Amino acid sequence: MMALEGEWSQTLSPGYVRNEPVLQNLFSALLDGASIVELLGSFGTGKTTLLQSLKFDRPAVFDGVVEYFIGSSSFPLSQAVDVIADAFRRSKGRNLLVIDEAERLDRGHLLESVSRLSTGPWRFSTIVASTEPLKIGPVIQILPLSYTDMGRLLEAQMGETLPREVLARLWAASQGIPRLGQILATRWRAGDVSTLSDLAEIFGPLAIPGLVDQNGRPLARGGQTEKAIISDVRFVSDQLFKMVSGDPNLVYALTPREFEEFSAELFQRQGYSVTMTPQTRDGGKDLYLARSDGLGSFLYIVECKRYAPDRAVGVGVVRELFGVAQHERLTAAMTLTTSHFSEEAREFAAEVQYQLNLKDFVDLKLLLAPYRDD
């Protein structure tokens, strides 16, 4: 998907506040001669809104056209090169190419497409926004909003002036992340919470220990190896769980780790004993689910994939998880995603249907349905 300059001029939210430190760092890198700059930040930190404001914040720097491209696995940048080149050709000034959600694109193809554009007679710079480093240019890390800026955002979106102590609590609750601030404001306007104090508690954590050994296997509470506890995990608050259950689309405002925590809470409510693996661990397993009944004891592993709706989980992901389950001699494995699975992934799962379970966004909504009115 690509948006031309005239199509994105109306997308800034009424409560938009400029993240001035990031803007200054971006323009400094570009003016110092960098042709490609990376804007790095996790989901919900305001990358897209900031990028869409560039034309208005520094009109003298980019006096040509601003081309905005959204990364997609189904529509590579190479297919848009001719359209972008034609816009650059008609321009008389310095142009800007913005590539958002670049983590969805193949790095090699991205560089090849930008290189093709560089052969023209026009002048342009490129900003690549991603949730993970691509190592193709100087990196500008997007920063959380300051207390003052988050206060301006919250008051503009909530439509009222807030006491200083309330602003401080809401800033801490949102961690300075614009998307979380917007969720707080939306829930307040909708009347989902009755007091500002309750609003500040929406993202509050509930801490319970996650007991795992050095291989990521669950440990029995009170056992001899209990001292080998690696980490404490944070489960989402009861109120946030209710919010997402009522509106599953809110999972896209969560970071990948927060989605793992949310999934852990979901399975715990279904009666499983849940253990999360450490955040730094590799190997494709995020949760262990244990359950005992009249038929015996069962241990499952779950991999949580917080993907955008149009990004399919491929067969490689589910093959690897299945291999882990076989190696550790577990009962079964599950991949839970906010998107969908490729045809190859589903075909593979069908071959081992009693040992591998695939849950897509539709399944996730069905899992959440019983909790909507809790």
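The values are calculated or read from the model by the stated rules, or taken from the named source; none is laboratory data. Note that this is a predicted model, so its numbers are computed, not measured. Glycine gets a Cβ as well: all are built from the backbone with ideal geometry, and neighbour counts include every protein chain shown.
Points worth noting:
- Entry remark, segment 18-41: residues being out of contact with any strand residue (DSSP E or B) (no Cβ under 6 Å at 6 or more places or on another chain), of a type in the set (Gly, Ala, Ser) and crowded, with 16+ Cβ neighbours inside 10 Å number 2 in total.
- Residues that are on the phi > 0 side of the Ramachandran plot and of a type outside the set (A, V, I, L, M) are absent from segment 349-359 altogether.
- Taken over segment 99-113, the criterion of being at pLDDT below 90 and part of a strand (DSSP E or B) is satisfied by Asp100 alone.
Each row is one residue, and each column tells you yes or no for (1) in the same structural domain as Phe259 (by TED's automatic domain parsing); (2) surrounded by fewer than 16 Cβ atoms within 10 Å (Cβ to Cβ); (3) in contact (Cβ under 8 Å) with a residue 40 or more places away in the chain; (4) part of a strand (DSSP E or B).
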site	(1), (2), (3), (4)
Ser297	yes, yes, no, yes
Ile301	yes, no, no, yes
Val318	yes, no, yes, no
Gly323	yes, yes, no, no
Leu336	yes, no, yes, yes
Glu344	yes, yes, no, no
Phe348	yes, no, no, no
Asn357	yes, no, no, yes
Leu364	yes, no, yes, no
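- Failed item, numbered, when Leu39 is tested on (1) in a loop (DSSP other than H, G, I, E, B); (2) of a type outside the set (Lys, Arg); (3) closer than 28 Å to Asp149 by Cα: (1)
- Taking (1) touching a residue at least 60 places away in the same chain (Cβ under 8 Å); (2) surrounded by fewer than 15 Cβ atoms within 10 Å (Cβ to Cβ); (3) under 19 Å from Leu196 (Cβ atoms) in turn, Ala172 satisfies each apart from (1).
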